[in-house]
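Engineer: Can you keep this structure in mind? I'll have questions shortly.
The values are calculated or read from the model by the stated rules, or taken from the named source; none is laboratory data. Since the structure is predicted, the reported quantities are computational estimates derived from the model, not experimental observations. Ideal geometry is used to build each Cβ from the backbone, glycine not excepted, and the neighbour counts take in all protein chains shown. Quick note on the areas: whole protein, heavy atoms, side chains included, nothing else; ligands and nucleic acids left out. Shrake-Rupley method; radii C 1.70, N 1.55, O 1.52, S 1.80 Å.
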Amino acid sequence: MTPLESVTILGRMDAVTPLQHLLGQPLLLVHLAAALLSLALGPINILRRRRDRTHRMVGRTWVAAMVVTCLTSFGLHGANGGYSWLHGLSVFTLVTVTLGVVAIRRGNRRGHVGNMVGSLIGIWIAFLFAALVPDRTIAQVASTDPWTVPLTLVLVAAAVGLAWWAFRPT
């Protein structure tokens, strides 16, 4: 296994695998959970036909998950220790999600849809970047612990299925 980093424990240098690195960072875990929730709920709300109370409840949950995803990103830094274009995307997403909420409260459905769909596209772009760039934690975990990715995908699919069933039109 390729170690992500080394730590000294009781005077001994131990290699830390990417999965151990991920599990040892609560902020990263919160960020990942909120991002996965955003990725799952966004399409559900867009693909549902009815714009009803359920749409508003799922939408509010999605907005909260998006805000948590964006805010936690500012506590996460790359290998160089600084901010990247993804942090700029977080600022932009915070603005567009806010504009989407303001738009619907003012009765501007078109502005609401544009901002929310744009925000969803943005989080998918960020996810693809985080998953496909080799130096990112997700790619490191996938290459060193191959069962983590399919297990996560099954859990996300189950969560999406459960959410779809729970929020289905009645």
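Engineer: Points 7 angstrom from Cα along the Cβ direction at ALA157 and LEU47: gap in nanometres?
Structural biologist: 1.3
Engineer: When the accessible area of region 58-161 is computed with all protein chains present and a 1.4 Å probe, what percentage of it is carbon and sulfur?
Structural biologist: Solvent-exposed carbon and sulfur of region 58-161 make up 71 percent of the total.
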